[in-house]
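A.B. asks: One structure is given below, represented as C-alpha cells, and several questions about it will come after.
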Amino acid sequence: MPEATQLDPPGTEADSYEDRAGDRADDRAGKYLIFRLEELHFGVRIGNLREVMEMPGITFVPLAPPCVAGVINLRGSVIPVIDLRRKFGLPPEPATAATCIVAIRVMVAFAEAIVGVIVDEVLEVLTIEAEMIEDAPVPEDGVSYLLGTAMVDGKRRLLLDVDEVLNNLEIQPVGRLVHGG
C-alpha cells in the first residue's frame, strides 16, 4: 500500500459536503470504500473520503474519550484519530501490515472536519446499486450508524453514516484539548 492515497481533490464541486448531506435514503446507491473490522465488512461513501494511509505514529491525547486513539499530522493539520474497534465495542487487536487509517470528511459543530479512523484492512471500492441496499434496523435509542446494508458476492456490507458514527460528542473535546479551545 502506498504511504498515502488521495481519493479525490478536496473541495470538488461535484462531491461537496452540502450535496452529500442532503442525500435522501433513496440516494444511497453509489461507490463505497469497503473495509474490514474483524470479519465485518463496512462501507463508506467515496464522497466522504479524503485518503487512505499507512499507520503513522499516533500522538496520545490525555483526557480524550476512550475511542479516540489520539491525533496525527495530516499535511500540516492535526486531526483526531478514532479507533473504530473501540467505538464498536470490538476487542483490541495489534496492528498488522494491513491496518491503516482512512481520513474521512464529517460535519462537526456545523463545520466540515477531517477525522481519521483506524481500520483492520481496506478491501476494495464497490459500486452498490439501489436495489442491493436494504434498510438497517433502527436501534432502541433511534440513532442509527447505518445508511443500510447490502449483500455483495455473498458477503453482507454495513454501509456507515459517518456523521452519526463520528459524532461531535467525541471529536469536539479532542479539538479543544489540541487547539486550546
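A.B. asks: List the pairs whose first member sits in segment 57-73 and is at pLDDT 90 or above, whose second member is among the hydroxyl-bearing types (Ser, Thr, Tyr), and whose Cβ atoms are under 9 Å apart, counting only residues at least 6 apart or on separate chains?
C.D. replies: Short answer, once both residue conditions are applied: GLY70/THR59; VAL71/THR59; ILE72/THR59; ASN73/THR59.
A.B. asks: Let me ask something additional. Kindly indicate whether any position in segment 81-102 is crowded, with 16+ Cβ neighbours inside 10 Å and at positive phi.
C.D. replies: no
A.B. asks: Any residue that is assigned to a strand (DSSP E or B) and among the charged types (D, E, K, R) - is there at least one of those in segment 102-110?
C.D. replies: Taking segment 102-110 first, the residues assigned to a strand (DSSP E or B) are 102-108.
Now narrow it down to the ones that are among the charged types (D, E, K, R): 105.
Scanning segment 102-110, I find at least one residue that is assigned to a strand (DSSP E or B) and among the charged types (D, E, K, R), so the answer is yes.
A.B. asks: Give the number of residues within segment 53-70 that are surrounded by fewer than 21 Cβ atoms within 10 Å (Cβ to Cβ) and either more than 30 Å from ARG156 (Cβ to Cβ) or among the β-branched types (Val, Ile, Thr) (or both).
C.D. replies: If we filter segment 53-70 for residues that are surrounded by fewer than 21 Cβ atoms within 10 Å (Cβ to Cβ), which is where we start, we get 53-67, 70.
Checking which are either more than 30 Å from ARG156 (Cβ to Cβ) or among the β-branched types (Val, Ile, Thr) (or both) leaves us with 56-64, 70.
Number of matching residues: 10.
A.B. asks: Is there a residue being in a strand (DSSP E or B) and either among the aromatic types (Phe, Trp, Tyr) or in contact with an Asp or Glu (Cβ under 6 Å, 6 or more places away or on another chain) (or both) anywhere in segment 49-66? Show your work before the answer.
C.D. replies: Just the residues of segment 49-66 that are in a strand (DSSP E or B), to begin with: 49-54, 59.
Restricting the remaining residues to those that are either among the aromatic types (Phe, Trp, Tyr) or in contact with an Asp or Glu (Cβ under 6 Å, 6 or more places away or on another chain) (or both) gives 54.
Yes.
A.B. asks: With the requirement that a residue be surrounded by 15 or more Cβ atoms within 10 Å (Cβ to Cβ) and within 19 Å of MET53 (Cβ to Cβ), what does segment 122-150 give you?
C.D. replies: VAL122, LEU123, listed by residue number.
A.B. asks: Inside segment 43-75, can you point out the residues that are out of contact with any helix residue (DSSP H, G or I) (no Cβ under 9 Å at 6 or more places or on another chain) and among the charged types (D, E, K, R)?
C.D. replies: ARG50, GLU51, GLU54, ARG75
The values are calculated or read from the model by the stated rules, or taken from the named source; none is laboratory data. Remember, predicted model here, so these are calculated numbers, not experimental data. All Cβ positions, even for glycine, are placed from backbone atoms using ideal geometry, and neighbour counts span all protein chains on display.
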